[in-house]
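Visitor: Submitted below is the structure of interest, expressed as structure tokens.
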Amino acid sequence: MPKYKVPQNIVKIAQRAIDYNLSFPLAQRAAYKDEGKKRVPGTGMRTARRIASGSIDEQQMILMRAWFARHAESPGEKEARRDRTSKAARSWALWGGSPGQRWVKSRVREIERAREKKSRE
């Protein structure tokens, strides 16, 4: 599966979010989950690390588009993100923030158009 280069501004957002999130005590970190008796990184932290690496695959972009669709318009989450220290704001940044949302939406749309075009040929 091809990899797509993540724009540098989105890489920086994700890296800053990772660093900031890790500055909190384990129990207060965003994008962590309880697994058995341990607290481990969840999907948000894994996604942020992939973004920070500078490239992601199509499957990851589709996952990101779905995550943004669920969380972008939620009135409760929008309100919670106003507090930049909230878990909601940290989670949003881990996924690349609003620039990440726009980029993923655009890239997935391009990929889908290319597939449509190819299937018509």
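Visitor: Give all pairs with beta carbons closer than 6 Å in which a residue from segment 17-42 that is over 11 Å from Ser91 (Cα atoms) meets a residue that is of a type in the set (Lys, Arg) and surrounded by 11 or more Cβ atoms within 10 Å (Cβ to Cβ); count only pairs at least 6 apart in sequence or on separate chains.
Guide: Close Cβ pairs satisfying both conditions: Leu26/Arg39.
Visitor: Further, regarding this structure: Of all helices (runs of 4 or more DSSP H) completely enclosed by segment 1-89, which ones contain at least 2 residues that are loosely packed, with under 12 Cβ neighbours inside 10 Å? Full working, then the answer.
Guide: Values: elements: 8-22, 43-53, 58-72, 75-81.
Passing ranges, in order: 8-22, 58-72, 75-81.
Visitor: On to the next question. Which of the residues spanning segment 90-121 are in a helix (DSSP H, G or I), of a type in the set (Gly, Ala, Ser) and surrounded by 17 or more Cβ atoms within 10 Å (Cβ to Cβ)?
Guide: First, the residues of segment 90-121 that are in a helix (DSSP H, G or I): 90-94, 97-120.
Applying the additional criterion that residues be of a type in the set (Gly, Ala, Ser) yields 91, 93, 97-98, 100, 106, 114, 119.
If the condition is that a residue be in a helix (DSSP H, G or I), of a type in the set (Gly, Ala, Ser) and surrounded by 17 or more Cβ atoms within 10 Å (Cβ to Cβ), then Ser91, Ala93, Gly97, Gly100 are the ones that fit.
Bear in mind these aren't lab numbers, they're just calculated from the coordinates by the rules spelled out. Please read all numbers here as calculations on a predicted model, not as lab measurements. Virtual Cβ from ideal backbone geometry, glycine too; neighbours counted across all protein chains shown.
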